[in-house]
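Reading through the structure tokens given below for one structure.
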Amino acid sequence: MTAWPQSHAPAWSAQSQAATPLTAAPVTHWQTGYKSKLFVTDVVMLVVATLVGITIRFGGSPTAISLGTLDVTYETFGILIVVGWVLSLHFGRTRDARIVGEGVAEYRRTVRASVMFFGCFAIASIAFKIDSSRGFLAITLPLGVALLLIGRKAWRMHLARQRTRGGMTSNALVIGGVRSAQELTAWLQRHTNAGYRVTGVWVPDRDAGGDEWLNVPDSFIPVMGTQRSLATALNVSGAEVVVVTDTEHLGHQGLKELTWELESADVDLLVAPNVIDVSGSRLQLSTVAKMPFLHVSKPTYSSAAAWPKTVFDKVGAAMILLLASPVFIATALAVKLTSPGGVFYRQERIGLDGQAFDMLKFRSMRQGSDAELADLLAESGQGDKPLGKLTADPRVTRVGAFIRRYSIDELPQLVNVLFGTMSLVGPRPQRQFEVDLYDNVAHRRLRVRPGMTGLWQVSGRSDLTWEDAIRLDTYYVENWSLTADIAILWRTVRAVVGSDGAY
């Protein structure tokens, strides 16, 4: 934290102890526009789903449906379905600004609202004797849900691109200690998808003794103390949301009064629990003596060894191996015919609970080139790093460069998955000398079976630092779920096709 130089002091730097009334938060135009675009996209997707359902079921020929004593065409009936579906999405708060753009809540609410609508429709059909085609509904419901999710995903990708450029974000005033504010600011700067930008810090019980700024790179974030009122701090930061990072500076009564004050300004209030890298599924809010507590469940790595993941791995590996068999055979022939040596390459890696196993790959390097690795890593300055990776490895053959770029060399590891030494998804297995460099945090990677792909592979692959890779791997280990495995496999396909970070 640094004192402002007088030559750069802003106009409001002169102290003013006069009370300033709280004013309404600035209108977040991007949220209004974004929600409108989601609404239009939802309507278009549902109209398409309804038209496809009518065309497939009835071939486009005019068909009447009985709504009690009234007969209408299926086109009119389709319009009623779309209107009711859209209303269900609205009342299900699927376009709430607090859930769009990140996390699974938006998708979950969309699916729930759709199912609820069709459930209510089924009850109404019985009550009012609506004679609708079950075939039409069987087509329209799943297609409509799929199109809705695709539309939401497309807009989410657009939102993420805009936020990486600094747009479509909300200004946040942090209330709490300087250290916690600095940590939150750095975290939000690394995670632009969150959509928040810290523009001010207010420490209500600290006499700053003058205007100061937060010590973060490329940002001018004012730190205010008792010389500023809450209203002034909100006006200075242009805040649309207040984030409390440390309640010690407010106390229980102070936090309650803060909610009352912010109510008149229509400013959202967030209380940061300072729990990082814990998935929402492990968090539960409970009340003890009328005080809310955040209950954090134990890590879920034990579930990663349970039978659902085992069945998923073995069935998935068998199916992929069957579908990829032509690529498997063609790669084996290409490796054998273009360079002397065997088709497969075996290397000892460290797996579950530190147990060694032989990992299989298609050979992508010259035969016997392992002896050169230590010298090459030392020359590149990576000899003492546990994630050493050569971006231009001279040992790689011409065919090897191609199969490594698109991760085809990893296909034989499906055999490892079938034999139970690896999983489809998990931390990548490393060699003994790399494991020897682990600290107590990195050792948590060994609590689950290693995987063919993992969270850090779909988040940057070899372009990530070792610290980022470990953070992602430990997050996966401690927050495992089968849904996450499926999502990682889907993202793996995209990462492989784009060949991002592959060497």
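The values are calculated or read from the model by the stated rules, or taken from the named source; none is laboratory data. In this text, all values refer to a predicted model and were calculated from it rather than measured experimentally. Here Cβ is always computed from backbone atoms with ideal geometry, including for glycine, and neighbour counts include all displayed protein chains.
Quick one: would you say Ala113 is modelled with pLDDT of 90 or more and within 30 Å of the chain's Cα centre (by Cα)?
Yes, satisfied.
Residue-by-condition table, conditions (1) surrounded by fewer than 19 Cβ atoms within 10 Å (Cβ to Cβ); (2) touching a helix residue (DSSP H, G or I) at 6+ places or on another chain (Cβ under 9 Å); (3) not assigned by TED's automatic domain parsing to the domain that holds Val82:
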| site | (1), (2), (3) |
| --- | --- |
| Thr140 | no, yes, no |
| Val174 | no, yes, yes |
| Gly200 | no, yes, yes |
| Asp207 | yes, no, yes |
| Trp213 | yes, no, yes |
| Ala233 | no, no, yes |
| Ala239 | no, yes, yes |
| Thr247 | yes, yes, yes |
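Please determine, by comparing only the residues of segment 191-206 that are part of a loop (DSSP other than H, G, I, E, B) and under 14 Å from Leu230 (Cα atoms), which one is modelled with the highest pLDDT.
Val203
Restrict the check to segment 450-457 and report whether at least one residue is at positive phi and in contact with a helix residue (DSSP H, G or I) (Cβ under 9 Å, 6 or more places away or on another chain).
Scanning segment 450-457 turns up no residue that is at positive phi and in contact with a helix residue (DSSP H, G or I) (Cβ under 9 Å, 6 or more places away or on another chain).
Can you name the number of the only condition in (1) at pLDDT 90 or above; (2) in a helix (DSSP H, G or I) that Arg95 fails?
For Arg95, the failing item is (2).
Quick one: what pairs do we get from segment 444-458, first residue assigned by TED's automatic domain parsing to the domain that holds Leu352 and part of a loop (DSSP other than H, G, I, E, B), second modelled with pLDDT of 95 or more and of a type in the set (Phe, Trp, Tyr), C-beta under 7 Å, 6+ apart or different chains?
none
Name every residue in segment 206-256 that is charged (D, E, K, R) and more than 23 Å from Arg98 (Cα to Cα), in order of residue number.
Matches in segment 206-256: Arg206, Asp207, Asp211, Glu212, Asp218, Arg228, Glu248.
When Leu373 is evaluated against the numbered criteria (1) surrounded by 14 or more Cβ atoms within 10 Å (Cβ to Cβ); (2) modelled with pLDDT of 90 or more; (3) in a helix (DSSP H, G or I), which criterion, by number, is the only one it fails?
(2) is the only condition that Leu373 fails.
For Gly144, are the conditions met, namely being buried (at least 20 other Cβ atoms within 10 Å of the Cβ), at pLDDT below 90 and farther than 18 Å from Asn274 by Cβ?
The answer is no for Gly144.
Could you run through segment 131-153 and say how many residues are under 18 Å from Tyr34 (Cα atoms) and without any contact (Cβ under 8 Å) to a residue 24 or more places away in the chain?
Total meeting the criteria: 1.
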